[in-house]
Amino acid sequence: DPFWVGEMGRAYISGLREGSGGKLLIVPRHLPGLGSADRVLEEEVPTVQKTLEELKQIDLAPFFAVAKNPPGMAVDVADAFLVTHIRYRGFQGNIRQATRPISLDAQALQSVTNLPEIAPWRQGGGVLVADDLGMRSIRRSYDPRGLSFNARLIMQDALNAGNDLLILDRFAAE
């Protein structure tokens, strides 16, 4: 139930803040949600067959709950969100068209971060963190045969999409 997931998320964040004396940054993952993914993220970029309106009702609702205020304004608000590598088919209302992984797709990511439930949080200092950019699924989304890895291009795409921080893990040859 999205409502209760949001409530538990808020309580968990409050507990982390209290237990750490306010010394932790809280970064829930996987914005905008992996619950409807059709495959494991590690091996291949998953695809979700939902419109943005459908995502708002279920997958995004827990994120909305922990982004009700700008970071630092309440103890139950996330400091950042980890942006996942997932494609959406039907995101813009066209079921035949899929986004790139949302962590690398400026238009798709901005569609989420410009929503009225997240925009004030973002404008108030909410940070977006791109998930592990060296993941096999990301490598294969750029080169399906896995023969090359253009780390610079992937990092550039992640920053251009709107991420503030990048996780640069698994950049060594596989």
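What to note about this one:
- Taking every DSSP bridge with both residues inside the chain, close to 10 percent are antiparallel.
- Kirkwood Rh in Å, taken over region 48-100 so that all alpha-carbon pairs contribute: 12.4 Å
- For the chain, the fraction of alpha-carbon pairs in successive 10 Å shells from zero, as %: 10, 38, 35, 15, 2
- C-alpha center-to-center spacing [region 27-104, region 117-174] in angstrom: 15 Å
- 3J(HN,Hα) from dihedral phi, region 26-38, Karplus parametrisation 6.51/-1.76/1.60, rounded to Hz, x for glycine, proline: 9, 10, x, 10, 10, 4, x, x, 10, x, 10, 5, 9
- Surface share of carbon and sulfur [accessible, 1.4 angstrom probe, percent] for the chain: 52 percent
- Segments 133-140, 34-41 sorted - mean Cβ within 10 Å per residue, highest first: 133-140, 34-41
- 1.4 Å probe accessible area per residue over the chain, in Å²: 53 Å²
- Rel. contact order, % - alpha carbon contacts under 8 angstrom, at least six apart, the chain: 23 percent
- Relative to the longest principal axis of the Cα atoms of the chain, helix 151-161 runs at roughly 40 degrees.
- For the residues Leu159, Leu115, a 1.4 Å probe over the protein chains yields an accessible-area ranking, largest first, of Leu159, Leu115.
The values are calculated or read from the model by the stated rules, or taken from the named source; none is laboratory data. Since the model is a prediction, treat every value here as computed from it, not as a measurement. Using ideal geometry, Cβ is built from the backbone for each residue, glycine included, and neighbour counts are taken over all protein chains shown. The protein model used for the area step is the full one, side chains on, heavy atoms only, and it has no ligands, DNA or RNA in it. Shrake-Rupley method; radii C 1.70, N 1.55, O 1.52, S 1.80 Å.
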